[in-house]
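Reading through the structure tokens given below for one structure.
The values are calculated or read from the model by the stated rules, or taken from the named source; none is laboratory data. Please read these numbers as outputs of a predicted model, since none were measured by experiment. Neighbour counts run over all protein chains shown; Cβ positions are idealised from the backbone, glycine included.
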Amino acid sequence: MTRRTLSLLGTLVFIAATTLPVATQNPSTSAPPLVITAYNGGAPIPYANPKTPWGEPDLQGVWSSDDMGGIPRPRPAAMGTRLYMNDQEYAARVKTIQTDVSNRENSATSTFRNDFARRAFRQTSQIVDPPDGSQPAFTPAAETRRASRDRGTFGDGPFDTTGDFTLYDRCITRGVVGSMLRVIYGNGVRIVQSPGVVAVTVEMIHDTRVIYTDGRKHINDGIRQYLGDARARWDGDELVVETTNLTDKTSIGGNGNGLRHSDRMTLTERFKRVADDIVQYQVTVDDPVTYVRPFTLSFPLTPLDGGVILPYECHEGNGAVRNALAGERAEDRALVDDLARGIVRPRRLAQEGQGRGGGGRNGAPGAGGRGGGRGADPEDAN
């Protein structure tokens, strides 16, 4: 074990011993039992869960959601209530993944060339409840909260202040769910444990959640945190985590983008090691202010290729906010200059020239937004 890990564990033990419980809000009670999709719809596979030196189930390791590549969040309507593919569909998925692995390993040169699926699962969607795999509709109250800031630099602005950007744009957080969902890269998840504490670190934007398992209560309902307040218990070999006290600044979409949830949302997560190389992860989203019913996602976490979470110096390398603001101010000046020359034209949208709009001013590429390979997730367009 490295000195760095020992230091982290020591810190966690100290925090667990010195933090006192205070008042709480009631956690969600609507979460269904764990759906172990890693079994691919077959019978449970016998497995003796390893234990930590103090006797708790051992979830430790460096995991990834990379193998969820190609598995949509909501289920395609044509598959109805089928959570698993038939043999023909599964064979096609296996072939696709094998071909992709061969192509990428032989020719890829990107820094993130290894962030792709290597193992096929039969899941037809990451959403396992409701039974048709659909994401529940937004409530009328949630629809009134729609704003351009929900999409940040993936949208058309306006970009006038830092409040017009998502917390992802600003390198602050992607939220609890947005950090666990599979995206284009940076899907590493490191789990470490000490008595009474489990810590979950995600690679992208490098958040670490400290989850107490020692029976303490939630913090006061008046305190709101980006990652909420997590309390957990062991149910046999399964870690059940209930998170409350969230803000309304992120979404449950990939990277925390999309229409934002409310600060009344509660999350119930389940972690269970079902094989040496698989931790089944499940999260139930319960936010009656935002969704017409709760819904649940479940998927396997498998070992991260290389086994090491990469450094993610987001603030140091982030030009998104600065460039978007600079592009908007350049457009302000261009509108004034054009008007002085007698040219009256509509304001150019931030995404023009980025493959989602027309050409920029006088045919020039559009400014603002994220360029390069960081396309928006179509499932988060809402």
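Residue check: VAL308 meets all listed conditions (1) aliphatic (A, V, I, L, M); (2) surrounded by fewer than 23 Cβ atoms within 10 Å (Cβ to Cβ); (3) in the same structural domain as SER64 (by TED's automatic domain parsing); (4) modelled with pLDDT of 95 or more but one, namely (4).
Looking only at region 65-95, count how many residues are within 10 Å of ALA117 (Cβ to Cβ) and at pLDDT 95 or above. Break it down stepwise before answering.
Step one: filter region 65-95 for residues within 10 Å of ALA117 (Cβ to Cβ), giving 65-71, 93.
Then drop every residue that is not at pLDDT 95 or above, which leaves 65-68, 71, 93.
Of the residues in region 65-95, 6 are within 10 Å of ALA117 (Cβ to Cβ) and at pLDDT 95 or above.
For region 182-214, a tally of residues being within 18 Å of TRP54 (Cβ to Cβ) and of a type in the set (Asp, Glu) returns 1.
Scanning region 50-107 for residues that are exposed (fewer than 14 other Cβ atoms within 10 Å of the Cβ) and either at positive phi or not in a helix (DSSP H, G or I) (or both) turns up PRO50, LYS51, THR52, PRO53, TRP54, GLY55, PRO76, GLY80, THR81, ASN86. Summed over region 234-277, residues that are over 17 Å from LEU181 (Cα atoms) and assigned to a loop (DSSP other than H, G, I, E, B) total 12. Of the residues making up region 239-258, not one is under 15 Å from ALA141 (Cα atoms) and either within 14 Å of the chain's Cα centre (by Cα) or of a type in the set (S, T, N, Q) (or both). State yes or no: is ASN323 surrounded by fewer than 18 Cβ atoms within 10 Å (Cβ to Cβ), modelled with pLDDT under 90, not aromatic (Phe, Trp, Tyr) and not in a loop (DSSP other than H, G, I, E, B)? It is false that ASN323 is surrounded by fewer than 18 Cβ atoms within 10 Å (Cβ to Cβ), modelled with pLDDT under 90, not aromatic (Phe, Trp, Tyr) and not in a loop (DSSP other than H, G, I, E, B). Within the option set VAL183, VAL192, being assigned by TED's automatic domain parsing to the domain that holds ILE278, among the aliphatic types (A, V, I, L, M) and more than 15 Å from GLY258 (Cα to Cα) holds for one residue only, VAL192. Within the set VAL202, VAL240, the sole residue that is in contact (Cβ under 8 Å) with a residue 12 or more places away in the chain, out of contact with any Gly (no Cβ under 8 Å at 6 or more places or on another chain) and not charged (D, E, K, R) turns out to be VAL240. Each residue in region 247-285 was checked for being crowded, with 21+ Cβ neighbours inside 10 Å, charged (D, E, K, R) and farther than 15 Å from VAL128 by Cβ, and 2 of them qualify.
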